[in-house]
Every structure is written in structure tokens, then in C-alpha cells.
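Contents: one structure, followed by commentary.
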Amino acid sequence: MVQQYGKPALYDKIQFSLVFITSTDSKDIEVTMIYGIIGAMPEEIEALKKNIQNIVTHKIGSKEYYTGQINGKEVVLTCSGIGKVSASLATSLMIAKFNADVVINTGVAGGLKPETKVLDVVIGTAACQHDFDLRIFNYKLGQVPGFEPVITLNPEYVEKTREAALKSAESYNFHVHTGLVISGDQFIAGKEHNEALISNFPDAYATEMEAAAIVQAAAILEKPAIVIRTISDNANEKADMTFDEMLPLATRNSQDITLKLLEII
């Protein structure tokens with residue numbers, strides 16, 4: 001089933017199921033949570049899409065959003081496209097149009113610390129844009145006006161996601177890290193750029209191209225975000241070759257964690 005949306009209906013409300021308990025007391029009304037899931041590339045969402053029950057496809061412009069249930073949870077899933085603009089648009093639509101209560105970003109990243117090995121997983125505790133620079137106006141590198149230098153993620157969701165990642169690691173044998181994830185509209189594949197990021201953001205565990213935009217857009221719309229990133233490369237001069245080789249396994253890890261998270265959240 002495909003639903004087509006034109007520009008005039010862009011912010012029409014899509015109805016999702018609400019579970020009502022028979023009572024005259026409004027306190028007894030239970031509202032179903034909706035989990036938005038965003039991957040930048042098709043490979044980052046294909047396993048998740050296969051797990052959606054009662055799937056409905058909603059087409060908005062050139063993008064498709066898939067609604068249904070995974071592990072009994074209401075979800076809306078999309079492939080945003082690569083980069084911060086595409087990611088922030090997808091996040092905004094998920095919240096404003098599809099009423100997502102939580103936005104989960106799943107995908108791959110380049111590792112920035114010696115301990116973040118290829119196929120390890122980083123659960124974001126905070127995010128910022130490494131290519132956002134208003135230092136001339138006395139902001140920190142990466143700091144967006146109106147926000148702290150890094151945007152902190154909800155610690156309860158971080159812990160739940162870490163729990164899901166550790167469960168997944170029992171099957172796929174990777175290490176789980178938690179920490180800062182930095183984003184920019186660049187694929188990092190050179191020693192000089194890698195070293196600059198490490199110098200400017202010594203607390204960063206991973207770098208990629210969407211997470212900080214998703215976190216910021218969700219924060220503006222007062223919704224929590226979750227960041228799940230599997231290390232596909234070491235963000236160095238061999239990154240492009242390693243990325244291509246490891247993408248299938250890296251996306252498997254992130255999607256499996258997302259599925260396990262939807263079991264326990």
C-alpha cells in the first residue's frame with residue numbers, strides 16, 4: 001500500500017492507533033509510543049524494513065516513509081539520504097507529520113579512538129557538528145547558538161540502547177562504546193583531517209554525516225534521539241576501501257541492535 005502526499009497536505013496528521021482503556025478517567029488512556037528510525041543509506045535500513053509488520057508506504061516528495069510494527073512497537077522508518085540537510089528534514093517530518101515520540105538514528109561511522117575497532121559499536125551520549133564554526137563570535141567549535149557545545153542525549157535511552165547492544169554483541173562479537181559522536185558533511189578519509197578532528201574533539205569516539213543534525217532537529221522539536229553507529233572504518237587514508245568492504249557487516253550490527261532495542265524499550 002502506498003500513500004502519496006503532495007505539498008498542500010505536507011503537515012496533515014497521519015492517524016496512528018491509540019489504545020483506549022474503557023474508563024471515564026482520562027488518566028486511564030494509554031497512548032501508543034511511535035519510534036522513528038532513520039538510516040542515511042538503503043543498506044542501513046533494509047533489514048529493519050523486512051521486519052515491519054502491516055507495512056504501509058507513505059511517499060513524500062522523492063522520499064518514502066514506512067509505517068507498521070516491529071516487535072509490537074509502532075514505527076516509522078525512512079532512508080533519509082546522506083548528509084545533515086537530508087537527515088534534519090527526515091527528523092522533522094517524522095516528528096511533525098508522523099508523530100514520532102523518539103527518533104533512532106542507526107548506521108555506520110568512522111572510528112576516532114584507538115579502542116574503536118572496525119565493527120565495534122558506539123552508542124552516542126552526545127553529538128555535535130564538527131564543521132559548524134562560529135568561533136569568531138566566541139562560540140566553541142561545533143556549538144550551535146542556543147545549545148551547549150555538545151548536545152547531550154537522554155541518559156535513560158542511552159543505557160537502554162547500550163543494554164540492547166551488549167545483547168547483540170553476544171551473537172556478533174563486537175565491543176560496545178558510549179561517547180561523543182561528531183558529524184559533518186564530509187567523508188573523512190585522510191590522515192591530516194583525521195588528526196585535526198581528534199585534536200579539536202578529543203572526546204569523540206566516531207565521526208559520520210547525520211547524527212548531530214538528527215539530534216539537534218529532535219531537540220528543537222522537544223523529542224529525544226538515540227544514536228547507534230557501527231564502526232565501518234578508521235577515518236584515515238584507507239577509509240574508503242575499508243568502508244566498502246565492511247559496510248554489510250557494520251549495517252548488520254546497527255540494525256540488530258535497533259531490533260533488540262525495540263524489544264526492550
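Could you check region 38-54 and list, in sequence order, the residues that are in contact (Cβ under 8 Å) with a residue 24 or more places away in the chain and either aromatic (Phe, Trp, Tyr) or part of a strand (DSSP E or B) (or both)?
Ile38, Gly39
Can you tell me which residue among Leu247, Leu259 is on the phi < 0 side of the Ramachandran plot and modelled with pLDDT under 95? Lay out the reasoning, then the answer.
On the way: Leu259 fails: modelled with pLDDT under 95.
Result: Leu247 is the single residue among Leu247, Leu259 that is on the phi < 0 side of the Ramachandran plot and modelled with pLDDT under 95.
Return yes when Phe174 is farther than 30 Å from Ser62 by Cα and touching an Asp or Glu at 6+ places or on another chain (Cβ under 6 Å) and no when it is not. Spell out the reasoning first.
Values: farther than 30 Å from Ser62 by Cα: yes; touching an Asp or Glu at 6+ places or on another chain (Cβ under 6 Å): yes.
In short, yes.
Could you count how many residues in region 75-92 are in contact with a Ser or Thr (Cβ under 6 Å, 6 or more places away or on another chain) and either free of Cβ contacts under 8 Å to residues at least 12 places away in the same chain or within 17 Å of Cys128 (Cα to Cα) (or both)?
2
Restricted to region 69-93, and to residues that are closer than 13 Å to Gly36 by Cβ and more than 12 Å from the chain's Cα centre (by Cα), which residue is surrounded by the most Cβ atoms within 10 Å (Cβ to Cβ)?
Val76
Hey, Ser199 hits all of (1) within 30 Å of Gln69 (Cβ to Cβ); (2) hydroxyl-bearing (Ser, Thr, Tyr); (3) out of contact with any strand residue (DSSP E or B) (no Cβ under 6 Å at 6 or more places or on another chain) but one; which does it fall short on?
Answer for Ser199: the failing condition is (1).
Residues in region 94-112 that are of a type in the set (A, V, I, L, M, F, W, C), surrounded by fewer than 24 Cβ atoms within 10 Å (Cβ to Cβ) and not in a strand (DSSP E or B): how many?
Residues flagged as of a type in the set (A, V, I, L, M, F, W, C), surrounded by fewer than 24 Cβ atoms within 10 Å (Cβ to Cβ) and not in a strand (DSSP E or B) within region 94-112 amount to 3.
In region 164-221, what residues are over 12 Å from Val121 (Cβ atoms), of a type in the set (Ser, Thr, Tyr) and within 19 Å of the chain's Cα centre (by Cα)?
Passing the criteria: Ser183, Thr207.
Would you please name the residue that is modelled with the lowest pLDDT, looking only at residues in region 23-52 that are among the small types (Gly, Ala, Ser) and surrounded by fewer than 10 Cβ atoms within 10 Å (Cβ to Cβ)?
So in region 23-52, the residues among the small types (Gly, Ala, Ser) come out as 23, 26, 36, 39-40, 47.
Subsequent filtering for residues that are surrounded by fewer than 10 Cβ atoms within 10 Å (Cβ to Cβ) retains 23, 26.
Values: Ser23: 40, Ser26: 46.
Here the residue is Ser23.
Does Thr57 count as of a type in the set (Val, Ile, Thr), surrounded by fewer than 19 Cβ atoms within 10 Å (Cβ to Cβ) and assigned to a strand (DSSP E or B)?
It is true that Thr57 is of a type in the set (Val, Ile, Thr), surrounded by fewer than 19 Cβ atoms within 10 Å (Cβ to Cβ) and assigned to a strand (DSSP E or B).
Among the residues of region 188-202, write down those that are under 25 Å from Thr91 (Cβ atoms) and without any contact (Cβ under 8 Å) to a residue 60 or more places away in the chain.
Within region 188-202, no residue meets the criteria.
If you scan region 126-142, which residues turn out to be surrounded by 21 or more Cβ atoms within 10 Å (Cβ to Cβ) and not in a loop (DSSP other than H, G, I, E, B)?
Ala126, Ala127, Cys128, Gln129
Could you list, in sequence order, the residues of region 177-200 that are surrounded by 19 or more Cβ atoms within 10 Å (Cβ to Cβ) and of a type in the set (A, V, I, L, M, F, W, C)?
Matches in region 177-200: Leu180, Val181, Ile182, Ile188, Ala189, Leu197.
Would you point out the residue of region 207-244, among those that are closer than 29 Å to Gly146 by Cβ and among the small types (Gly, Ala, Ser), that is modelled with the lowest pLDDT? Full working, then the answer.
Just the residues of region 207-244 that are closer than 29 Å to Gly146 by Cβ, to begin with: 207-229, 235.
Among the residues that remain, those that are also among the small types (Gly, Ala, Ser) are: 211-213, 217-219, 225, 235.
On the way: Ala211: 99, Ala212: 99, Ala213: 99, Ala217: 99, Ala218: 99, Ala219: 99, Ala225: 99, Ala235: 65.
By that ranking, first place goes to Ala235.
If the Cβ limit is 6 Å and pairs must be 6+ apart or interchain, which residue in region 209-230 that is under 18 Å from Gly110 (Cβ atoms) pairs with which residue that is among the basic types (Lys, Arg) and surrounded by fewer than 24 Cβ atoms within 10 Å (Cβ to Cβ)?
Cβ pairs passing all conditions: Ala213/Lys84.
Looking at Val118, is it among the β-branched types (Val, Ile, Thr), in a loop (DSSP other than H, G, I, E, B) and modelled with pLDDT under 95?
It is true that Val118 is among the β-branched types (Val, Ile, Thr), in a loop (DSSP other than H, G, I, E, B) and modelled with pLDDT under 95.
The values are calculated or read from the model by the stated rules, or taken from the named source; none is laboratory data. All of these numbers come straight from a predicted model, not from anything done at the bench. Backbone-built Cβ (ideal geometry, glycine too); neighbour counts: all protein chains shown.
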